[in-house]
């Protein structure tokens with residue numbers, strides 16, 4: 001008499017797909033083998049297990065959650081697929097950057113040989129951004145790079161891919177944080193509220209534009225911190241914080257002193273598309289945890305860009321809000337930190353205690 005487990009498997013239509021090694025079933029489920037602790041795709045050419053030892057799962061994630069690990073072939077296939085996705089997304093990024101007009105999702109997906117929805121998911125998984133957000137960041141970077149003193153706003157906006165003046169000026173606050181003429185003039189007429197203070201880590205400066213917090217700086221010399229802000233916007237109208245602004249400053253101090261309080265602030269984040277991908281990945285590291293530069297590079301789909309990840313961390317001007325202090329070397333040791341390794345150590349110690 002057959003065992004109930006064997007009968008159940010043999011009556012399951014998925015078992016027929018496994019026996020046929022049907023590649024069409026690979027996106028529908030995986031099967032796991034209880035005696036080996038591994039799971040495989042239905043089309044895997046590995047030796048068929050006994051049906052009573054088989055367990056079916058809708059996805060690899062479910063199999064792994066149940067304690068199974070991928071077979072060697074499945075692991076190799078996953079690596080191969082990841083490499084293929086990275087290459088397709090890289091080609092799509094070049095298409096976005098080289099196009100005079102922003103290509104639509106359907107056109108990008110067709111070039112990649114995917115459905116629009118599948119391409120959208122793959123692109124975001126690899127870059128951390130949607131195709132539209134990547135294109136927007138690319139335009140913003142191009143505008144910021146070109147919109148210096150004496151530059152023609154009209155020439156720059158069309159060269160960056162904006163199809164009309166009205167569209168650009170509608171987006172200029174998000175792109176530049178201010179009106180384009182003010183940005184070109186080094187921040188003229190742009191109000192930036194700021195406050196200097198002292199905390200257990202030394203001096204700090206918090207600054208806020210019309211969009212959100214644009215700087216959280218740490219150091220030993222408050223005057224040096226103010227010079228850093230002035231250098232970023234030499235013609236901006238710097239305003240000492242009022243009582244409402246002091247409440248925001250109190251949130252920052254509270255987070256520095258007691259990380260378990262959390263920090264949820266509107267941020268004015270300005271960087272290249274790559275930097276913004278790195279900074280978003282940093283914000284996803286939980287308090288009390290760390291990640292290596294190599295791990296961050298893997299998470300954003302650029303495993304070879306370890307040095308560029310380190311440079312993006314160094315370019316971060318929003319201490320604690322974008323927690324670059326949670327990134328360490330692969331051996332777990334602390335490395336360089338814009339505001340000093342000792343401050344990095346103390347921040348991590350506090351988060352570990354929280």
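In this calculation the C-beta distance from residue 72 to residue 97 is compared with R0 = 45 Å, giving a FRET efficiency of 0.75. Here the gap between residue 115 and residue 133, fully extended at 0.36 nm per residue and compared with their Cα-Cα distance, gives a gain of 4.6 nm. Take every pair of alpha-carbon atoms less than 8 Å apart whose residues are at least six positions apart; their mean separation over the length of segment 276-354 yields a relative contact order of 35 percent. For a distance above 16 Å, tell me the whole-number percent of Cα pairs in segment 309-354 that qualify. More than 16 Å apart: 31 percent of the Cα pairs in segment 309-354.
Sorting the segments 269-276, 101-108, 338-345 by their residues' average number of neighbouring beta-carbon atoms within 10 angstrom, most packed first, yields 269-276, 338-345, 101-108. Calculated over segment 206-298, the projected area of the Cα convex hull averaged across directions stands at 7.5 nm². Segment 277-312 and segment 21-40 have their alpha-carbon centroids 32 Å apart. Taking the Cβ-Cβ separation of residue 12 and residue 61 as r and a Förster radius of 25 Å, what is the calculated FRET efficiency to the nearest 0.05? So the FRET efficiency works out to roughly 0.80.
Take 110-118, 214-222 and order them by the average number of nearby Cβ atoms within 10 Å per residue, most first; the result is 214-222, 110-118.
Here the simple spin-label model places points 7 Å from the Cα toward Cβ, and for residue 345 and residue 242 these points are separated by 4.3 nm.
Quick note: the coordinates plus some simple rules give every number you see, no bench work behind them. Only a predicted model underlies this, so the values are computations on that prediction, with no experimental measurement involved. In this analysis, Cβ positions are derived from the backbone assuming ideal geometry, glycine residues included, and neighbour counts consider all displayed protein chains.
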